[in-house]
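Since the structure comes first, as structure tokens, the remarks are kept for the end.
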Amino acid sequence: YDDREPMTQNYANHVHRPTMTIVGYLFLLIALAAFVLRWLEIGGRSTFAIGLAAVVMSLATLLAISRVYITKLQDRIIRIEMRMRAAALLSPDQLRMLERLTIKQMAALRFASDEEMPALVERATREHLKPDDIKRAVRVWVPDLDRT
């Protein structure tokens, strides 16, 4: 999730195409081809260098993918956690306010105590507080020790 307006999803556009995964596999195939050519003594040192570069690029792609996926998964979990926590703490109007906040604002609110949450949701919505401003407004901090 990000802070941009969500795209309307339907049957025609719902398919997820993991482009970065395809790029990673492409680099891996280039590396394998280069190493096979080098093993067959075709191409010399430059072939080996291309193979190593492709391995490095494949690994870099994997690292980038893993960080993006971890962050998106964490955002989804935070959104669910906040909805469940808010259901017991907020009025129906405040719940609607919470839903209008960005995921970053919602993530900042998770540090607020149960007592502070309703007023802070209203203030964050009314004043369009940035995530850092929301965190600074928290008086009784609830730690999050399970972040990735």
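Within region 81-99, the set of residues being assigned to a loop (DSSP other than H, G, I, E, B) and of a type outside the set (A, V, I, L, M, F, W, C) comprises S91 only.
Provide a single number: the residues in region 91-101 that are farther than 17 Å from V138 by Cα and open to solvent by less than 40 Å² (accessible area, probe 1.4 Å).
So in region 91-101, the residues farther than 17 Å from V138 by Cα come out as 91-97, 99-100.
With the extra rule that they be open to solvent by less than 40 Å² (accessible area, probe 1.4 Å), the set shrinks to 94.
Adding up the residues that qualify gives 1.
The conditions of being of a type in the set (S, T, Y), free of Cβ contacts under 8 Å to residues at least 40 places away in the same chain and open to solvent by 40 Å² or more (accessible area, probe 1.4 Å) are not met by S113.
Restricting the first member to region 11-35 and to residues that are closer than 20 Å to A53 by Cα, and the second to residues that are of a type in the set (A, V, I, L, M) and open to solvent by less than 50 Å² (accessible area, probe 1.4 Å), the beta-carbon pairs closer than 6 Å and six or more apart or on different chains are M20/I65; F27/A54; I30/A54; A31/A54. Tally the residues that are over 12 Å from K135 (Cα atoms), assigned to a helix (DSSP H, G or I) and free of Cβ contacts under 8 Å to residues at least 40 places away in the same chain, restricting the search to region 100-110. Total satisfying the criteria: 1.
Would you mind finding the one in V55, V138, V121, V68 that is surrounded by 14 or more Cβ atoms within 10 Å (Cβ to Cβ), among the β-branched types (V, I, T) and under 28 Å from Y25 (Cβ atoms)?
Step by step, each of V55, V138, V121, V68 is checked, and only V55 is surrounded by 14 or more Cβ atoms within 10 Å (Cβ to Cβ), among the β-branched types (V, I, T) and under 28 Å from Y25 (Cβ atoms).
Only one of the listed residues (R38, R45) is exposed (fewer than 10 other Cβ atoms within 10 Å of the Cβ) and without any contact (Cβ under 8 Å) to a residue 40 or more places away in the chain. That residue is R45.
Give me a count of the residues in region 1-60 that are assigned to a loop (DSSP other than H, G, I, E, B) and not acidic (D, E).
Number satisfying all stated conditions: 18.
The values are calculated or read from the model by the stated rules, or taken from the named source; none is laboratory data. All values reported here derive from a predicted model rather than from experimental measurement. Backbone-built Cβ (ideal geometry, glycine too); neighbour counts: all protein chains shown. Just so you know, the surface numbers come from the protein's heavy atoms only, side chains and all, with ligands and any DNA or RNA stripped out. Shrake-Rupley method; radii C 1.70, N 1.55, O 1.52, S 1.80 Å.
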